[in-house]
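Heads up, the thing below is written out as structure tokens.
Read-outs throughout are calculated quantities, based only on the coordinates presented, and are distinct from any laboratory measurement. Just so we're clear, the structure is a prediction, and the values are computed from it rather than from any experiment. No Cβ is skipped: glycine too gets one built from the backbone with ideal geometry, and neighbour counts run over all protein chains shown.
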Amino acid sequence: MKCPYCKFSESKVLDSRDSEGGLSVRRRRECLECGRRFTTYERLEEIPCTVIKKDDRREPFDRKKLLSGLIKACEKRPISLYILEEFVNRTEEKIQDARGKEIRSSDIGKMVMDWLYDLDEIAYVRFASVYRQFKDIKQFMNELQEISNNRTPEISSDP
């Protein structure tokens with residue numbers, strides 16, 4: 001493993017532990033040349049899954065792309081990165097378990113929307129506005145109205 005600082009090719013492992021619910025191994029390393037410490041992650045190489053896009057193009061599943069979209073939707077919301085990463089891990093496991101190793105982007109989008117709907121209304125609307133590509137304000141307002149109608153009103157503690 002090359003040191004990210006000095007590019008020396010030898011390091012010693014100081015600590016190893018499971019990460020991402022056992023899907024990877026986190027290793028804390030120390031460079032034998034410069035003495036700086038860095039972290040690496042080892043993941044099992046899996047058969048790549050293919051995402052079928054709306055226009056029938058196919059591309060490899062990219063967990064970073066999914067996480068990036070979630071981070072944008074949840075920006076300035078009280079949702080930790082850990083929760084988002086756990087959802088991405090579970091989603092990736094579902095995709096890996098799929099028989100054909102192919103999944104439509106619309107199916108991934110539906111999983112995300114269902115999860116965000118229960119997690120945070122604002123994050124849901126943000127994601128939906130990009131994912132569903134609302135053509136006008138009327139579609140957007142209809143989505144907001146649907147959310148509003150399906151939510152149980154919060155009971156105020158004020159008399």
Which of Val13, Val125, Val51 comes first, and how do the rest follow, when ranked by fewest Cβ neighbours within 10 Å? Val13, Val125, Val51
Which shape class, rounded, prolate or oblate, goes with the range 1-67 when its Cα gyration tensor gives a ≥ b ≥ c as root eigenvalues, a/c under 1.5 marks rounded, and past that a/b bigger than b/c marks prolate? prolate
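With only alpha-carbon atoms in the gyration tensor, what are the semi-axes of the equivalent ellipsoid for the chain, in Å, largest first?
Working: eigenvalues 293, 96, 41 Å².
Largest first, the chain gives 38, 22, 14 Å.
Fewest Cβ neighbours within 10 Å first, please rank Ile122, Ile137 accordingly.
Numbers: Ile122 15, Ile137 8.
If I rank by nearby Cβ atoms, fewest first, I get Ile137, Ile122.
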Report the longest stretch of the chain that contains none of the trypsin sites (Lys or Arg not before Pro) sitting in a DSSP loop with at most 14 other Cβ atoms within 10 Å. 102-131
By Cβ neighbour count within 10 Å, fewest first, Ile103, Ile83 rank Ile83, Ile103
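Which of the chymotrypsin sites (Phe, Trp or Tyr not before Pro) across the range 8-70 are loop residues per DSSP, with 15 or fewer other Cβ within 10 Å? Spell out each step's value before the answer.
On the way: sites: Phe8, Phe38, Tyr41, Phe61; in loops: Phe8, Phe61.
Sites meeting the loop and neighbour criteria: Phe8.
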What do you get for the angle between helix 121-131 and the principal long axis of the chain? Use alpha-carbon atoms, 0 to 90 degrees, nearest ten. 80 degrees
Free-standing Cys residues across the chain, given no other cysteine C-beta under 4.7 angstrom: Cys49, Cys74
Set of lysines with alpha-carbon distance to Lys135 below 30 Å, sequence-local pairs under 8 removed: Lys53, Lys54, Lys64, Lys65, Lys72, Lys76, Lys110
Asp118 to Arg57: extension gain in nm, 0.36 nm per residue of separation minus the Cα-Cα distance? 18.9 nm
Compute the distance in nm between two label points, each set 7 Å from the Cα along the Cα-to-Cβ direction, one at Ile83 and one at Arg28. 2.8 nm
Put a dot 7 Å past each Cα toward the Cβ at Lys72 and Glu143; how far apart are the dots in nm? 1.3 nm
Distance in nm between Arg36 and Thr50 label points, each 7 Å along Cα→Cβ, equals 4.1 nm
Specify the inter-centroid distance of the range 71-101 and the range 5-32, based on alpha-carbon positions, in whole Å. 24 Å
